[in-house]
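Below is one structure, written out as structure tokens, with a few remarks after it.
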Amino acid sequence: MNKTVKIILGIVLLILLVFVLKYFKDSNAKEVVDYKIELPFYSTLDTKTVATGKLNPEEEIELKPQISGIVDQIFVEEGDLVQKGDLIAKIRVVPNEQALGSAKSRINTARLSFENAQTLFNRNKALFEKGVISKQDFENSELSLNQSKESYDQSKDDYQIIKQGSLSGGSSANTNIVAQIPGTVLEIPVREGDQVIQSNNFNAGTTIATIADMSKMIFEGKVDEAEVGKLEEGKDIVVILGAINEKEFPAVLTFVAPKGVEENGAVQFTIKADVTIDSSTKIRAGYSANAEIEIESKDSVLVIKEALLQFNRITEKPFVELQKENGSFKKKNIEIGLSDGINVEIIDGVEEGDKIKVWNKASEENNEDEEDDE
């Protein structure tokens with residue numbers, strides 16, 4: 001009985017040993033994963049930055065009245081083309097009752113002074129002709145008459161200006177709002193009947209209309225502080241308008257702000273560029289736009305795809321895995337340079353002809369074998 005048990009146990013152990021040996025054999029015989037490889041190549045690298053902003057007219061002015069009143073008539077509409085001197089609107093003066101009363105009082109006072117000076121002049125003229133008074137006394141009375149007449153005329157003009165806003169018959173009355181430049185009427189923020197305030201040293205005044213020359217457009221945008229040091233005025237850039245099917249327009253960088261402004265925790269610098277607009281394209285003020293600015297460019301440099309890079313978790317230095325003659329791979333630290341986000345320049349560590357492991361992608365043959373095994 002004991003002998004039979006021993007035989008059975010021996011057979012069981014033998015079978016288990018066979019299974020264990022087969023397991024190790026299969027494990028060791030498993031095919032090593034075959035990764036894809038790629039080769040370095042020569043290419044041109046261009047690094048660009050993108051500035052977001054708007055397209056605005058270079059020359060844009062706001063027309064404001066020189067006298068307070070009510071908008072009586074508006075002769076144009078938004079979008080109309082106007083020439084310099086064209087009548088835009090007319091202001092109807094609503095005089096201040098107190099100022100009007102004071103002006104009337106000054107007229108009466110000046111009239112009384114003038115009449116009195118006229119009487120004295122007539123009397124002195126008769127006395128001078130009889131030789132009673134000297135010539136100097138007669139000339140003094142004539143001077144007083146002329147001065148009082150000038151004051152009387154001036155008081156009447158002041159009354160007319162307060163009442164109507166201008167002298168009657170004036171060719172350039174300040175109640176007329178005329179275009180100061182040729183261009184397009186962008187905006188008319190007032191309507192007929194609205195009250196407006198004059199522009200003076202203490203008040204900006206009410207804007208009657210905004211006119212701009214749409215043939216001269218500028219791009220105004222902002223760039224991050226990390227890129228602004230690489231920008232140069234006079235550089236050619238490209239402005240892209242999303243509203244016109246991503247159409248590109250050539251432009252020249254004309255201004256880079258010397259001072260930045262902090263926005264959402266990042267310092268932004270304002271830039272401006274003159275944009276060349278072809279006559280066949282209809283541009284509207286305020287279009288959103290992006291400016292592509294080339295920062296740095298290198299021609300015919302050795303590059304690899306940036307996806308091939310791996311980074312040491314401790315030193316954070318880049319490395320790649322190069323294929324050896326026996327098909328295995330070895331790590332190789334490298335020095336990289338300029339990158340355009342797709343390809344990266346290799347300064348040291350990789351040479352032309354080296355086979356670099358695509359570390360995150362196995363070969364198609366290996367994938368097919370694994371699918372067949374399943």
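The values are calculated or read from the model by the stated rules, or taken from the named source; none is laboratory data. For clarity, every value in this text was computed on a predicted model and none was experimentally measured. A quick note on method: Cβ atoms are made from the backbone with ideal geometry, for glycine too, and the neighbour counts reach across all protein chains shown. When the accessible area is computed, the model is the full protein with side chains, heavy atoms only, and any ligands, DNA or RNA have been set aside. Shrake-Rupley method; radii C 1.70, N 1.55, O 1.52, S 1.80 Å.
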Per-residue ³J(HN,Hα) for segment 304-317, Karplus 6.51 cos²θ - 1.76 cosθ + 1.60, θ = phi - 60°, Hz, x for Gly and Pro: 9, 5, 5, 5, 7, 6, 10, 10, 5, 5, 8, 8, 6, 8
Computed over segment 123-165, Cα set: Rg, Dmax in Å: 16.0, 49
Per residue accessible area of the chain, 1.4 Å probe, in Å²: 66 Å²
Pairs of Cα atoms farther than 37 Å apart, the chain, %: 62 percent
Two-site FRET efficiency, ASN312 against GLU292, from Cβ-Cβ distance with R₀ of 35 Å, rounded to 0.05: 0.55
Amide H within-cut-off set for ILE336, under 5 Å, with H built and near neighbours excluded: ILE347
Net +/- balance of residues flanking ASN116 in space, Cβ distance below 12 Å, scoring K and R +1, D and E -1: +2
Whole-Hz ³J(HN,Hα) from phi, Karplus 6.51 cos²θ - 1.76 cosθ + 1.60, for segment 120-130, glycine and proline x: 4, 5, 4, 5, 5, 5, 5, 5, 5, 5, 8
Partners for LYS235 among lysines (Cα-Cα distance below 27 Å; same-chain residues under 8 apart left out): LYS48, LYS54, LYS216, LYS222, LYS247, LYS259, LYS272, LYS282, LYS298
Computed label-point distance, nm, for sites LEU9 and SER280 using a 7 Å Cα→Cβ extension: 9.8 nm
Surface share of carbon and sulfur [accessible, 1.4 angstrom probe, percent] for the chain: 48 percent
Total formal charge among the other residues, if their Cβ is under 12 angstrom from that of ALA243, Lys/Arg +1 and Asp/Glu -1: +3
In Å, descending, principal axis extents of the Cα set of segment 226-285: 39, 26, 17
Value at 222 nm in deg cm²/dmol, rounded to 500, when DSSP H runs of n ≥ 4 in the chain each add -39,500 (n - 2.57): -9500 deg cm²/dmol
